[in-house]
Amino acid sequence: MNIAIDIDGTVIDTMGAVLKQFHPNITKESITNYKLDECIPNLTKERVIWEYERIDYLNIRWVGTKTHQTLDKLDKSNDLNKHLTYFLTSKTPKMIIWTQDYLYGFQAISIPIITSLKKQEYVNQFDILIEDNPEMLNYGIPIEKLRFIKQPWNQCLEEKGIKRYNEISEIIDELNL
């Protein structure tokens with residue numbers, strides 16, 4: 001089984017770090033749209049990118065209490081060729097640098113990162129895509145391939161009857177990996 005895992009909002013809480021560092025009066029729970037520039041007044045898309053490129057990764061936390069252990073387990077399974085796990089993300093080059101520093105150095109995770117501004121071009125290579133972005137439903141990806149991590153900006157999924165998970169360990173356990 002080939003698994004792709006988004007990073008921001010799925011593995012690490014970059015939204016929480018951005019809000020803490022740049023918008024301390026705004027709570028993560030108030031971000032009910034995936035597009036941050038539509039949730040915070042006077043925030044442009046360019047400023048959002050600027051903020052994400054400058055996150056102090058010491059402010060970043062895991063999404064869920066078992067995420068690091070689960071990634072470590074998946075990392076070891078990659079080594080044994082039981083299944084293949086990749087991170088699939090749409091980050092700028094500056095964001096990739098601090099993400100690699102955080103995951104590979106600070107947290108000692110070695111799962112390969114595939115980066116593309118058009119993630120949907122890669123989904124056919126994977127059996128499962130773990131995401132937080134509800135807009136992934138708009139790209140014609142079969143719903144049986146998608147698993148969503150629960151975030152305030154994807155509450156709309158529950159209205160559509162789509163299950164959301166608290167953290168990736170719940171998905172991996174459900175898949176019996």
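Which residues, counting only those in region 133-155, are among the charged types (D, E, K, R), buried (at least 17 other Cβ atoms within 10 Å of the Cβ) and touching a residue at least 24 places away in the same chain (Cβ under 8 Å)?
Going residue by residue through region 133-155, those that are among the charged types (D, E, K, R) are 135, 144-145, 147, 150.
Adding the requirement that they be buried (at least 17 other Cβ atoms within 10 Å of the Cβ) leaves 147, 150.
Listed by number, the list holds a single entry, Arg147.
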- Message: Against the definition (within 19 Å of Leu177 (Cα to Cα) and surrounded by fewer than 18 Cβ atoms within 10 Å (Cβ to Cβ)), how does Gln100 come out, yes or no?
- Response: no
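Residues that are assigned to a loop (DSSP other than H, G, I, E, B), within 14 Å of the chain's Cα centre (by Cα) and acidic (Asp, Glu): does region 1-17 have at least one?
First, the residues of region 1-17 that are assigned to a loop (DSSP other than H, G, I, E, B): 1, 6-7, 9-11, 13.
Those left that are additionally within 14 Å of the chain's Cα centre (by Cα): 6-7, 9-11, 13.
Applying the additional criterion that residues be acidic (Asp, Glu) yields 6, 13.
Yes: region 1-17 contains one or more residues that are assigned to a loop (DSSP other than H, G, I, E, B), within 14 Å of the chain's Cα centre (by Cα) and acidic (Asp, Glu).
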- Query: Among (1) within 24 Å of Leu157 (Cβ to Cβ); (2) buried (at least 16 other Cβ atoms within 10 Å of the Cβ); (3) of a type in the set (Ser, Thr, Tyr), where does Tyr57 come up short?
  - Reply: (1)
- Task: Being among the hydrophobic types (A, V, I, L, M, F, W, C), in a loop (DSSP other than H, G, I, E, B) and within 18 Å of Ala17 (Cβ to Cβ) is the filter; apply it to region 60-105 and report the residue that is modelled with the highest pLDDT.
- Result: Val63
- Task: Count, please, the residues in region 55-85 that happen to be out of contact with any helix residue (DSSP H, G or I) (no Cβ under 8 Å at 6 or more places or on another chain) and either under 18 Å from Asn133 (Cβ atoms) or free of Cβ contacts under 8 Å to residues at least 12 places away in the same chain (or both).
- Result: 5
- Task: Working only within region 117-132, note down all residues that are buried (at least 20 other Cβ atoms within 10 Å of the Cβ) and assigned to a loop (DSSP other than H, G, I, E, B).
- Result: Phe126, Asp132
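What do you reckon, is Ile149 in contact with an Asp or Glu (Cβ under 7 Å, 6 or more places away or on another chain), under 15 Å from Thr89 (Cβ atoms) and modelled with pLDDT of 90 or more? If you could, list the steps in order and put the result at the bottom.
Working: in contact with an Asp or Glu (Cβ under 7 Å, 6 or more places away or on another chain): yes; under 15 Å from Thr89 (Cβ atoms): yes; modelled with pLDDT of 90 or more: yes.
So Ile149 passes the test.
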- Query: Which members of region 82-127 meet the condition of being aromatic (Phe, Trp, Tyr) and in contact with a Leu (Cβ under 7 Å, 6 or more places away or on another chain)?
  - Reply: Tyr122
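Give the residues of region 32-54 that are closer than 13 Å to Thr92 by Cβ and in a loop (DSSP other than H, G, I, E, B), sorted by residue number.
Let us first name the residues in region 32-54 that are closer than 13 Å to Thr92 by Cβ, namely 45-46, 48-54.
Scanning region 32-54 gives a single hit, Arg54.
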- Identify the residue in region 18-31 that is in a loop (DSSP other than H, G, I, E, B) and more than 16 Å from the chain's Cα centre (by Cα) and, among all such residues, is surrounded by the fewest Cβ atoms within 10 Å (Cβ to Cβ). Asn25
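The values are calculated or read from the model by the stated rules, or taken from the named source; none is laboratory data. All figures in this text were calculated on a predicted structure; none of them were measured in a lab. Every residue, glycine as well, gets a Cβ built from its backbone with ideal geometry; the counts of neighbours run over all protein chains shown.
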